[in-house]
């Protein structure tokens, strides 16, 4: 992924790994989602890519093992239904961020087990185009 980003250096202003920041005193970038316990929880996405044109891509990397549940919950959200899994709740929270300002903010959840799939690289290429 980094190799692809460095091919277009004039289009990218910054890349931040934010997934390791869970302390609210260390980051203001987080989404809130309603947990199974009925309480609000904070969730920090894995990467943010900022383009020179002001657009942002939020990238969330999930294990392939979560693919079915996250995709199902995103589809439920599209129909106005609540997500049912923890990972799906996080993905829906970030999808709702995108929906607030889709001209500037883009969200992509990707699934991998050690290696990113080609469709992820294709999506990134599309964001840079």
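So the values come out like this:
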| read-out | value |
| --- | --- |
| Using alpha-carbon coordinates, inclination of helix 118-128 to the longest axis of the chain, degrees | 70 |
| Fully extended contour minus Cα-Cα distance, from residue 84 to residue 39, at 0.36 nm per residue | 14.7 nm |
| Cα gyration tensor category, rounded, prolate or oblate, for the range 2-128 with a/c compared to 1.5 | prolate |
| Separation in nanometres of the label points that stand 7 Å from Cα toward Cβ, at residue 67 and residue 15 | 2.3 |
| The chain: calculated mean residue ellipticity at 222 nm from DSSP helix runs of at least 4, using -39500 (n - 2.57) | -10000 deg cm²/dmol |
| Residues residue 117 and residue 50, FRET efficiency given R0 of 22 Å [Cβ-Cβ distance, rounded to 0.05] | 0.40 |
| Folded to 0 to 90 degrees: helix 86-100 orientation relative to the chain principal axis, Cα | 60 |
| Between helix 67-78 and the chain: long-axis angle, C-alpha atoms, 0 to 90°, nearest 10 | 80 |
| By average C-beta atoms within 10 angstrom, highest first, the peptides 81-92, 15-26, 97-108 | 81-92, 97-108, 15-26 |
| Order by protection proxy (mean Cβ within 10 Å, highest first), peptides 55-68, 112-125 | 55-68, 112-125 |
| Förster radius 30 Å - calculated FRET efficiency between residue 22 and residue 129 (Cβ-Cβ, nearest 0.05) | 0.35 |
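Bear in mind that the values in this text are calculations on the coordinates, not laboratory data. For clarity, every value in this text was computed on a predicted model and none was experimentally measured. When we count neighbours, we look across all protein chains shown, and the Cβ atoms used for this are built from the backbone with ideal geometry, even at glycine.
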